[in-house]
Amino acid sequence: WLSDSVLRPLVAEIDKVNSTLSTHGMSEGHIGHDSLDKLRKTLQIPAIHYLLPSFENLLPYLEVTTNQEYLIKRTKELAGGGCIGAYRWNSGGSFKGKDWDENLPTDTQILMHFLSVYLNSCLPVYGDRPDKKPFSSRHYFTRQDKLEPLDTVAIIEEKIHPPLFSVSDGDISWEVAKVKLV
């Protein structure tokens, strides 16, 4: 589901944006090559909104890491084959001829971030908190977040390396089993 609903459409849209930018002679603002700041500046060009109305919607997906080149390369690897076969729960892929290291996001971080962004885009904004992201402001937290008392079920990222999550209803927390899928 994640591959078909999120990864492959995301990769297709990124490729479309980059292709359209190249076709129109824009050498900057390419996803996977330029920083988020440069992408945001590219979005300030009025013609970009006309040519690529979906470009702005891609930016939240890219916020998981500053290393945009790795993120796009790894996203394309994960999207390949349709079943996320390249997934490594506690690491990621090689980059520029070097093995993955902890300076890069894990596949788990990438996929959880993508899932959160996707669900934020699908759910309605809450009336009492229109400035918040509907899924991630209520149902997905990291340990760095200041946790307010929960009034709903939430996923909590306990550790980044190796990835560890718990599910909490505000009163009780359950650690998600540390299972390595083969």
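The values are calculated or read from the model by the stated rules, or taken from the named source; none is laboratory data. If you're wondering where the values come from, they're calculated on a predicted model, not measured in any experiment. Don't worry about glycine lacking a Cβ; one is built from the backbone with ideal geometry, like all the others, and counts go over all protein chains shown.
Answer yes or no: is there a residue in the stretch 5-25 that is outside the structural domain of LEU164 (by TED's automatic domain parsing) and not in a helix (DSSP H, G or I). Reasoning before the result, please.
Step one: list which residues in the stretch 5-25 are outside the structural domain of LEU164 (by TED's automatic domain parsing), which gives 5-25.
Checking the rest, the ones that are also not in a helix (DSSP H, G or I) come to 24-25.
Yes: one or more hits.
Counting only residues that are of a type in the set (A, V, I, L, M, F, W, C) and part of a loop (DSSP other than H, G, I, E, B), which one in the stretch 45-83 is farthest from PRO105 (Cα to Cα)? Even if it seems obvious, please write down each step before you answer.
Taking the stretch 45-83 as the starting set, the residues that turn out to be of a type in the set (A, V, I, L, M, F, W, C) are 45, 47-48, 51-52, 55, 58-59, 62, 64, 71-72, 78-79, 83.
Next, from what is left, pick out any that are part of a loop (DSSP other than H, G, I, E, B): 45, 52, 64, 83.
Details: ILE45: 30, LEU52: 28, VAL64: 8, CYS83: 20 Å.
Out of the qualifying residues, it is ILE45.
Within the group LEU115, LEU123, LEU119, which residue is over 22 Å from LEU39 (Cα atoms) and either within 15 Å of the chain's Cα centre (by Cα) or crowded, with 17+ Cβ neighbours inside 10 Å (or both)? Before you say what the answer is, go through the steps one by one.
Working: LEU115 fails: over 22 Å from LEU39 (Cα atoms); LEU123 fails: either within 15 Å of the chain's Cα centre (by Cα) or crowded, with 17+ Cβ neighbours inside 10 Å (or both).
Matching residue, one of LEU115, LEU123, LEU119: LEU119.
Quick grid of which residues meet (1) surrounded by 14 or more Cβ atoms within 10 Å (Cβ to Cβ); (2) in contact with an Asp or Glu (Cβ under 9 Å, 6 or more places away or on another chain); (3) assigned by TED's automatic domain parsing to the domain that holds PRO163:
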| site | (1), (2), (3) |
| --- | --- |
| LEU58 | yes, yes, no |
| THR65 | yes, no, no |
| GLN68 | yes, yes, no |
| ILE72 | yes, no, no |
| THR75 | yes, no, no |
| SER94 | yes, no, no |
| GLY127 | no, no, yes |
| PRO134 | yes, no, yes |
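Give the residues of the stretch 88-100 that are assigned to a loop (DSSP other than H, G, I, E, B) and either at pLDDT below 95 or not hydroxyl-bearing (Ser, Thr, Tyr) (or both), sorted by residue number.
Just the residues of the stretch 88-100 that are assigned to a loop (DSSP other than H, G, I, E, B), to begin with: 88-94, 96-97, 99-100.
Hits for the stretch 88-100 are ARG88, TRP89, ASN90, GLY92, GLY93, LYS96, GLY97, ASP99, TRP100.
Might you check whether a residue that is at pLDDT 85 or above, of a type in the set (Phe, Trp, Tyr) and in contact with a Gly (Cβ under 6 Å, 6 or more places away or on another chain) occurs anywhere in the stretch 164-174?
No: the stretch 164-174 contains no residue that is at pLDDT 85 or above, of a type in the set (Phe, Trp, Tyr) and in contact with a Gly (Cβ under 6 Å, 6 or more places away or on another chain).
Within the stretch 59-87, can you find the residues that are over 12 Å from SER3 (Cβ atoms) and either of a type outside the set (D, E, K, R) or at pLDDT below 95 (or both)?
LEU59, PRO60, TYR61, LEU62, VAL64, THR65, THR66, ASN67, GLN68, TYR70, LEU71, ILE72 - these are the residues of the stretch 59-87 that are over 12 Å from SER3 (Cβ atoms) and either of a type outside the set (D, E, K, R) or at pLDDT below 95 (or both).
Go through the residues of the stretch 135-149 one by one and say whether even a single one is at pLDDT 85 or above, closer than 19 Å to LEU62 by Cβ and in contact with a strand residue (DSSP E or B) (Cβ under 6 Å, 6 or more places away or on another chain).
For the stretch 135-149, residues at pLDDT 85 or above, closer than 19 Å to LEU62 by Cβ and in contact with a strand residue (DSSP E or B) (Cβ under 6 Å, 6 or more places away or on another chain): present.
Tell me which residues, restricted to the stretch 37-55, are closer than 16 Å to SER22 by Cα and surrounded by 12 or more Cβ atoms within 10 Å (Cβ to Cβ).
Within the stretch 37-55, LYS38, LEU39, THR42, LEU43, ILE45, ILE48, HIS49, LEU51, LEU52, PHE55 qualify.
Might you check whether a residue that is over 15 Å from HIS113 (Cα atoms) and either of a type in the set (Ser, Thr, Tyr) or not assigned by TED's automatic domain parsing to the domain that holds SER116 (or both) occurs anywhere in the stretch 44-56? Reasoning before the result, please.
Step one: of the stretch 44-56, the residues over 15 Å from HIS113 (Cα atoms) are 44-56.
Those still in the list that are either of a type in the set (Ser, Thr, Tyr) or not assigned by TED's automatic domain parsing to the domain that holds SER116 (or both) too: 50, 54.
Yes, the stretch 44-56 contains a residue that is over 15 Å from HIS113 (Cα atoms) and either of a type in the set (Ser, Thr, Tyr) or not assigned by TED's automatic domain parsing to the domain that holds SER116 (or both).
Of all residues in the stretch 101-128, count the ones that are among the β-branched types (Val, Ile, Thr) and assigned to a helix (DSSP H, G or I). Please lay out each step first, then the result.
Going residue by residue through the stretch 101-128, those that are among the β-branched types (Val, Ile, Thr) are 106, 108, 110, 117, 125.
From what is left, the residues that are assigned to a helix (DSSP H, G or I) are 108, 110, 117.
Selection size over the stretch 101-128: 3.
For LYS133, are the conditions met, namely being in a loop (DSSP other than H, G, I, E, B) and basic (Lys, Arg)?
Working: in a loop (DSSP other than H, G, I, E, B): yes; basic (Lys, Arg): yes.
Taking the combined requirement at face value, the residue satisfies it.
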